[in-house]
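Since the structure comes first, as structure tokens, the remarks are kept for the end.
The values are calculated or read from the model by the stated rules, or taken from the named source; none is laboratory data. What you see is a predicted model; the values in this text were computed from it and never measured. In case anyone asks, the SASA skips ligands and DNA or RNA and just uses the protein heavy atoms, side chains included. Shrake-Rupley method; radii C 1.70, N 1.55, O 1.52, S 1.80 Å.
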Amino acid sequence: MGFLGGFRVLDLASVGPAARASRILADYGMEVIKVAPVSGKGRKQAEPVYHAYGAGRGTRRIRLDLESADGKQTVCRLARAADVLIESFRPGVAARIGVGYEQIRVHNPRIVYCSTSGYGQDGPCAQWAG
């Protein structure tokens, strides 16, 4: 079970350190629910790069369209029961699509919200995709 057993992570991250962090948290016993994207027409996308960071070991997966009202509502419902949310969008994107810290904390004020980006939260390169 691991020493972090009993805690739940909602993982919206797709690449880099955030995706690896959720895999490590799973290794230590946290339940990780990985939210993977769907294409604009509801078709599955090819497995993204994060899949190589352990092939999703220790995680449960759900595919959601975060641009749809149903997708956002599902994330908010899942966040109510989560201890941690990890995301790796460019700065401002999570809030724009309705899953930023301010929107999520309405559903779970005790959540630990981890927001990562490739090049920081501000500065000349902040909007670059990592």
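ARG77 contributes about 130 Å² of solvent-accessible surface, heavy atoms of the protein only, 1.4 Å probe. Computed 3J(HN,Hα) for region 81-89, one whole-Hz value per residue from the Karplus formula 6.51 cos²θ - 1.76 cosθ + 1.60 where θ = phi - 60°, is 9, 9, 9, 9, 10, 10, 9, 10, 6, glycine and proline marked x. With the whole protein complex present, ASP70 retains an accessible surface near 110 Å², based on a 1.4 Å probe.
With a 1.4 Å probe and all protein chains in place, put VAL38, VAL75 in order of accessible area, largest first.
The most accessible residue leads, giving VAL38, VAL75.
The accessible area of SER88, taken with all protein chains in place and a 1.4 Å probe, comes to roughly 30 Å². Shown are TYR28, TYR101, TYR113, whose ranking by accessible area with a 1.4 Å probe and every protein chain present, most to least, is TYR28, TYR101, TYR113.
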